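Written out below as structure tokens is the structure these notes cover.
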Amino acid sequence: MTTWKDFADLKATQRLTELAQQPYNLARPDSLPPERIAACRASACGFDLLYATQRVDDRVLVALQELADEAGLVAQHKAMKSGAVMNRIIGHASEERQVLHTACRDVFSDTPLAPEATAQAKEQLARLKQFLAEVDSGAVCNGQGQSFTTMLQVGIGGSDLGPRALYLALERYRLPGRSARFIANVDPDDAAAVLSGLDLSRTLINVVSKSGSTLETRTNEELVRTALVNAGLNPARHLVAVTGAGSPMDDPDKYRASFHMYDYIGGRYSATSMVGGVTLGFTLGYDQFVEVLRGAHEMDKAAEQPALRDNLPLLMAMLGIWNRNFLGYNTVAVLPYSQALLRFPAHLQQCDMESNGKQVSRCGSPVTWKTGPIVWGEPGTNGQHAFYQLLHQGTEIVPAEFIGFRCSQHGRDITVSGTTSQQKLVANMLAQSLAMAQGRSHDNPNKHFAGNRPSSVLIAEQLTPYAMGALLALYENRIAFQGFCWNINSFDQEGVQLGKVLADRLLAALSGEKALSADAPESSLLKAAGMAG
Ligand SMILES: O=P(O)(O)OC[C@H]1O[C@H](O)[C@H](O)[C@@H](O)[C@@H]1O
């Protein structure tokens, strides 16, 4: 197994610290000559990354390559895909699991890297294909013999964000008469609003929970079951489940169909498992879901390239580390110039911040270096009319990752003042990247832009199922590469536990199951919030 080295012990960090004293000056008038823009371009799976607007030069890229090599990042990526136990903290009780979401899409060759996991993935895909064929043929239908038109996915966190982001991104490819809705939050108003817009009699409810015990999902499952009964419908005809093998929800008698995911697939990395597969397969068709898998698999392969400039996920990871650890920037904005990617930043927030929001190394010691940044974002050009002021002139420097497409999904467009809307969209994205980099000097300090605000542009032809799969895997791999480099465990989430325990204590007090002592902060908080007498 590759030895895991602490970030601070990697020799290349010294060189990078020196280079960070004088990073590439993007605000110089001649900082972006044609040769630089042409040279700072890397490609994989139809995506081009334009990174001339990052504060890097050849010396920095060489040192970042050394850092990646010293930390054995590509070797760790391959070890992960081949079934090494990457989800662990040495010397302490931890999950001790393999990390094999990549096996879900390593289904296109006869020699997958993790044969057992891929065999399980293929078995689930075959079950899905069969189930969808029965839905199409009408063998799976409602009590009146009518077909199902809607799938309502009930799940939260990784069992919602990725599937929802992908569904919204790919709605353009929906089968005629098919759609999906989602309920995640335990907020009853959300459930009420979603249910009020649905014809439950034509709806399949897809309850998704890896653990099978998440409070929100179990509560919402009961809510939906009650709504079905109240509408005179039989829940057993309408509910399907996706859950971990052996979980409390793994009870085929309660569901019309049950699909599995496995403990080696983390929730936030599960969109290409049945967690995303059932809803995407129902709405887009099985073959389009396979296209998502194909794109993801090909990006997983691209992540095996040893050279930074040939390995898009690794290059994005190392540019992020340069910005985070050496230039000292605390956040990253993901800014898709595609309304269909509306929820993709929210998915990445979970994927990145739950993975790399860690303060203990894989060797169990507190880290002495910065780990995951705060990730946020919204689609452009909307953002330009909202928060970009801070990106251009605020006191916080926010590296940006722009994502765009040369062609629209629908191809219905209008030419106004000589350009199409799609051209306006892409031109705005490129302009923002230039403005952030070069700034503009002005005698009036209020109109002065200092520039030197780094960004990259990721651009592909069109947002198709294949491209969406590739984009998802690009980010999943970038996040894992960064975690490997920081020597943290990107695959557990202990930090979400404490809040759940305290919420359980408050709920036990509210239900009368277990009284709290009068001087406990929980009691005072409930009183102060007007929730208890
Ligand atoms: O799929 P489930 O077991 O219901 O989990 C749903 C989510 O809840 C947890 O709190 C975790 O923080 C997430 O990583 C997970 O995706």
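Descriptive notes on the structure:
- Top-ranked residue in the stretch 200-217 [being within 8 Å of the ligand (Cβ to nearest atom) and not in a helix (DSSP H, G or I); ranked as nearest to His238 (Cα to Cα)]: Val208
- Counted residues, the stretch 79-117 - those being out of contact with any Phe, Trp or Tyr (no Cβ under 9 Å at 6 or more places or on another chain), touching a residue at least 60 places away in the same chain (Cβ under 8 Å) and either among the polar types (S, T, N, Q) or loosely packed, with under 15 Cβ neighbours inside 10 Å (or both): 4
- Where Ala184 falls short, out of the listed (1) within 16 Å of the ligand (Cβ to nearest atom); (2) surrounded by 24 or more Cβ atoms within 10 Å (Cβ to Cβ); (3) under 18 Å from Ser273 (Cβ atoms): (2)
- Matching residues, the stretch 69-94, being touching a helix residue (DSSP H, G or I) at 6+ places or on another chain (Cβ under 6 Å) and over 30 Å from Glu291 (Cα atoms): Glu70, Ala71
- From the options Glu476, Glu522, Glu461, residue that is of a type in the set (Asp, Glu) and exposed (fewer than 13 other Cβ atoms within 10 Å of the Cβ): Glu461
- Scanning the stretch 193-235 for residues that are within 25 Å of Gly138 (Cα to Cα), free of Cβ contacts under 8 Å to residues at least 60 places away in the same chain and of a type in the set (D, E, K, R) gives Asp199, Arg225.
- Looking across Asn382, Asn452, Asn428, Asn446, one residue alone is surrounded by fewer than 13 Cβ atoms within 10 Å (Cβ to Cβ) and either under 26 Å from the mean Cα position of the chain (by Cα) or among the polar types (S, T, N, Q) (or both). It is Asn446.
- Complete set of residues in the stretch 228-246 that are closer than 14 Å to Thr150 by Cβ and buried (at least 19 other Cβ atoms within 10 Å of the Cβ): Leu228, His238, Leu239, Val240
- Put simply, of Ala529, Ala518, Ala503, Ala509 the only residue that is of a type in the set (Gly, Ala, Ser) and within 31 Å of the chain's Cα centre (by Cα) is Ala503.
- When Leu67 is tested against (1) surrounded by fewer than 20 Cβ atoms within 10 Å (Cβ to Cβ); (2) assigned to a helix (DSSP H, G or I), only condition (1) is not met.
- Annotation note: of Gly157, Gly177, Gly162, Gly145, the sole residue that is surrounded by 14 or more Cβ atoms within 10 Å (Cβ to Cβ) and at positive phi is Gly157.
- Single residue of the stretch 1-27 satisfying the filter (outside any loop (DSSP other than H, G, I, E, B) and touching a residue at least 24 places away in the same chain (Cβ under 8 Å)) that is farthest from Ala84 (Cα to Cα): Leu19
- Selected residue [under 14 Å from the mean Cα position of the chain (by Cα) and either within 19 Å of Arg164 (Cα to Cα) or more than 16 Å from the ligand (Cβ to nearest atom) (or both)] from Leu319, Leu335, Leu327: Leu335
- Selection of the stretch 498-516 for residues being part of a helix (DSSP H, G or I) and more than 16 Å from the ligand (Cβ to nearest atom) yields Arg505, Leu506, Ala508, Ala509, Leu510, Ser511.
Any read-out appearing in this document is the output of simple, stated calculations on the displayed coordinates, not a laboratory observation. On a predicted model such as this, the values are computed, not experimentally measured, just so you know. Cβ sites come from the backbone with ideal geometry, for glycine too, and all protein chains shown count toward neighbours.
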